[in-house]
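Have a look at this one before I ask anything.
None of the figures in this text is laboratory data; all of them are computed from the coordinates on show. Computed from a predicted model, the values in this text were never measured in an experiment. Please note: Cβ atoms are built from the backbone with ideal geometry, for glycine as well, and neighbour counts cover all protein chains shown.
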Amino acid sequence: MATEPAEQRIPEIYRQTIGPLYAYVSRRCAGDRPLAEDVVQETWLRAVDAWRRQGLPDTPAAWLTSVAHNLLVSHYRRQKPVPLGSITSEAVLAVVDDGFDTESVEIERLIYWGLAQLPERQSKLLEAFHFDERPVARIAAECRMSERAVEGRLRRARLKLRGLIEHALAR
Amino acid sequence: MTSMHEPTPEFERFLEWQVTSALRRQDRFARPSAIESNTYLRAVPIVLISILLGAGVVMASGRLKQNQLTRVLTVQQQGELQLAQMQVEVAQKQLAETKRRADVGVAPLDDLSEAERTLQAAQLQLQRVKLTIEEVQLSGRPAQDDVTAPLVNARDFVLERLQLDEQMLAASADEAEKHLQTMQKRFDAGLTPNVELLEAQAAVIRHMSDLRTIEGKTELRRKFIAGTVSAADATKQRLLISAQNELRSAEAALELAQRRLQEIGKQKQVGMASEVDAVKAQLEVLSRQQDIERLRERIAAIQKGSLPDGRK
């Protein structure tokens with residue numbers, strides 16, 4: 001934890017991080033702006049409370065992102081998989097296989113729901129690669145693993161996500 | 001235009017205000033877990049009832065809470081609205097009665113103008129309550145009068161209320177000026193002592209200071225909304241404006257207290273005032289001097305960037 005009084009730096013940190021934090025959350029909200037705003041707001045209120053009591057974390061942006069991630073996971077875990085309407089389950093699984101790139105809000109929400117059901121390590125890995133577009137080499141360096149190991153974990157996480165979504169669609 | 005993954009300026013400012021005010025509240029009240037706004041505190045009983053009724057703890061329940069909170073707040077405001085409407089009705093009847101009496105020469109013209117001002121004040125107060133109700137209904141939370149409060153559906157309720165307050169204070173200042181003119185004439189004619197004239201002068205200064213405070217807040221509000229001043233700076237400037245205007249009023253009050261002390265000293269010499277009267281007048285002077293000292297310290301602390309209560 002940094003030693004500088006938190007209250008002096010919080011407004012400045014807010015201004016520096018609000019844009020990236022909102023973008024991080026918004027990309028995981030499938031166009032649901034009220035949800036993105038609720039999550040960002042809750043994240044910041046928790047930050048003010050925690051930072052005032054415990055001091056600033058060494059990397060406030062990472063702290064904020066982590067809390068926002070947990071809030072999103074909690075939210076999606078409480079949701080039921082959204083009905084797909086006219087979209088086929090094959091189309092959904094194809095999106096999962098092809099790197100989550102889709103224009104469909106319904107499919108996006110289903111993927112977020114699936115990610116929230118995964119163990120945190122797997123969901124964070126998939127998010128880092130697919131949403132934050134961090135290259136395997138960078139993830140490998142951050143996680144102190146070989147690139148090959150990261151690729152293997154990504155593949156297994158995708159398979160698990162696919163299985164979860166397939167199971168949900170079959171119900 | 002805001003892109004999909006960017007916060008809207010309104011949301012960004014609202015959250016900045018929430019963060020700043022949470023920090024300020026914690027500083028002010030030294031409550032370690034005081035990050036909840038009044039909105040949250042008021043929502044607590046509603047949340048508990050919802051849980052007991054099995055409403056379930058889901059994130060979406062936030063919106064349910066909000067609706068219930070809005071209803072509770074609106075009911076509270078309806079009570080204030082009825083009171084304000086009654087005050088307008090009473091003021092209207094009072095004015096009609098005073099006019100009737102003035103027409104037959106029973107009531108002086110001063111009474112008539114006072115009844116008109118009372119009616120104007122009641123009407124402005126009614127408008128203020130109506131604005132508050134509109135804000136509660138649109139925002140779903142208690143009305144906020146801080147200069148750093150966010151817009152509500154692109155509408156600036158803070159500024160609208162400040163403008164009403166300005167009208168009310170301008171009317172009071174006019175009234176104080178008229179009273180001062182009357183007292184000046186009476187003093188010139190030897191009909192009133194110097195102290196009463198000073199009292200009237202102090203009242204004018206007090207009203208003008210209040211008016212200047214509101215004008216300062218209005219200007220700050222405009223700057224904050226235009227984005228030319230940050231929430232932290234706006235709060236600092238608001239505190240400074242209030243303290244400087246309080247200081248002006250306190251200086252006028254000190255001058256008045258000193259004159260009163262001199263008068264009582266003269267009266268005491270000729271047996272028209274007691275020792276107790278003299279001590280009271282002296283205490284009044286000391287008390288005003290302390291007020292000024294405290295306000296000067298407060299201004300210095302705000303200028304240095306410390307909190308108003310002296311903590312860094």
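Only four residue types carry charge here, +1 at the Cβ of Lys and Arg and -1 at the Cβ of Asp and Glu. Report the dipole size of the stretch A:1-157 about the Cα centre in Debye, rounded to the nearest 20.
It works out to roughly 520 debye.
How about B:Lys217: which aspartates and glutamates have a C-alpha closer than 16 Å to its C-alpha, ignoring those fewer than 8 places off in the same chain?
Answer for B:Lys217, where 16 Å is the Cα cut-off: B:Asp145, B:Asp146, B:Asp156, B:Glu160, B:Asp165, B:Glu166, B:Asp233, B:Glu246, listed by chain and number.
Here is a further query. Which chymotrypsin sites (Phe, Trp or Tyr not before Pro) does the stretch A:108-171 hold that lie in a coil by DSSP with at most 14 other beta carbons within 10 Å?
Filter output for the stretch A:108-171: empty list.
For the protein assembly as shown, give the magnitude of the charge dipole about the Cα centre (Cβ charges: +1 Lys/Arg, -1 Asp/Glu; no others), in debye to the nearest 20.
Value, rounded to 20: 1480 debye.
Can you report the principal axis dimensions of the protein assembly as shown using only the alpha carbons, biggest first, rounded to whole angstrom?
Per principal axis, max minus min of the Cα coordinates gives 104, 54, 44 Å.
Follow-up question, since we're still on this one. Gaussian network model of chain A, Cα springs within a sub-10 Å range: biggest mean-square fluctuation belongs to which of A:Leu115, A:Leu35, A:Leu45?
Result: A:Leu45 has the largest fluctuation of those listed.
Return the lysines within reach of B:Lys266: Cα separation strictly under 19 angstrom, same-chain partners fewer than 8 residues apart disregarded; answer none if there are no such residues.
Correct list for B:Lys266: B:Lys280.
Give me the aspartates and glutamates in straight-line cross-link reach of B:Lys268: C-alpha distance below 18 Å, same-chain residues under 8 apart excluded.
Straight-line reach from B:Lys268, under 18 Å: B:Asp277, B:Glu284.
Which listed residue (A:Ala61, B:Met4, B:Ala96) has the Cα farthest towards the positive end of the charge dipole for the protein assembly as shown, taking +1 on Lys and Arg C-beta and -1 on Asp and Glu C-beta about the Cα centre?
Towards the positive end, the residue furthest out is A:Ala61.
Would you mind counting up the charge near B:Glu246? Only other residues with Cβ under 14 Å from its Cβ, with Lys and Arg at +1 and Asp and Glu at -1.
Value of the local net charge: +4.
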